[in-house]
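Below: one structure, written as structure tokens.
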Amino acid sequence: MMKKVAILSSHNGSGFNTLYNASQNKTLDIEIVLLISNNTKSVALKNAKERGIDAHLINASTSPTPDDEIYKLLKNSGCDYIFLSGYMKKISPQIASEFKVVNSHPALLPNYGGKGMYGRNVHEAVIANGEKVSGVTIHEVNEVYDDGKIILQKKLNISENESVDSLENRIKELESLAIFESFQKYLK
């Protein structure tokens, strides 16, 4: 039975693209029913609108109560899952407790998680600490940053001459595969 997925994304939404492509080529039995962004310049928001997906900009400038507005849209969408595709705001406890929320994190949690640990910041910390391995963690979301139950982790070895840019690019490639595989596993 097809599952309905809502996406929350602040920027490019590469995870959104992965799930959208999988829904279009029928490799995952999902329908993306909603995309919400807090960023007026979000590429994911623009892409969702172009693809005919119900898309909304919600932040402190557009609503006096953004979390309540997001909650209403999610409830009305009938979504089975929410996927955070680079969403840079903390999820409200109400959303975390009432929905199945899944996040992709560009490191092997519990390492390099928590407030401020996102995107390039993670890769800079990994390189600065001389780590030999990094990866991607797909996990359930609760009210604590990067703390929910781990669904899947994928690892890669870091080369001696690895740069922050090369690691970031390699992690993004790995992330797409991890998102796809975790949804295959999670939807069963």
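Put a dot 7 Å past each Cα toward the Cβ at T65 and N25; how far apart are the dots in nm?
4.3
For helix 119-128, report the angle its Cα long axis makes with the longest principal axis of the Cα atoms of the chain; keep it between 0 and 90° and round to the nearest 10°.
10
Multiply the residue gap between N121 and K49 by 0.36 nm, knock off their C-alpha separation, and tell me the result in nm, one decimal place.
Working it through step by step, the gained length comes to 23.0 nm.
In degrees from 0 to 90, rounded to the nearest 10, what is the angle of the helix 66-77 Cα long axis to the longest principal axis of the chain?
Helix 66-77 and the main axis of the chain meet at about 70 degrees.
Output the antiparallel fraction of DSSP beta bridges having both residues in the chain, as a percent to the nearest 5.
In the chain, approximately 40 percent of DSSP beta bridges are antiparallel ones.
Considering the options T137, N121, G13, tell which one lies farthest towards the positive end of the dipole of the stretch 3-186, charges being +1 on Lys and Arg and -1 on Asp and Glu at the Cβ, about the Cα centre.
The one lying farthest along the dipole's positive direction is G13.
When the chain is modelled as a GNM with alpha-carbon springs shorter than 10 Å, which of S14, S37, S85 fluctuates the most?
Highest fluctuation among the options: S14.
Would you give the gap between the C-alpha center of the stretch 12-49 and the C-alpha center of the stretch 50-89, rounded to a whole Å?
Result: 12 Å between the Cα centres.
Any chance you could get the radius of gyration and Dmax over the Cα atoms of the chain, in Å?
Just the Cα atoms of the chain yield Rg and Dmax of 16.0, 50 Å.
Roughly what angle does helix 14-24 make with the longest principal axis of the chain, taking Cα atoms, 0 to 90 degrees, to the nearest 10?
Result, in degrees: 60.
Along the Cα→Cβ direction, 7 angstrom out, place labels at V164 and K132. What is the inter-label distance in nm?
2.5
Could you tally the net charge around A60, taking each other residue with its Cβ under 13 Å from the Cβ of A60, Lys/Arg +1 and Asp/Glu -1?
-2
Which lysines have a Cα less than 22 Å from the Cα of K149, not counting those fewer than 8 places away in the same chain?
K3, K4, K89, K90, K100, K115, K172, K185, K188
Quick one: net charge of L156's neighbours, Cβ under 13 Å, K/R +1, D/E -1?
Its environment carries a net charge of 0.
Read-outs: derived from the displayed coordinates by stated rules, not from any lab. Quick caveat, the model's predicted, so the values are computed rather than measured. Neighbour counts are summed over all protein chains in view; Cβ atoms, including those assigned to glycine, are modelled from backbone coordinates with ideal geometry.
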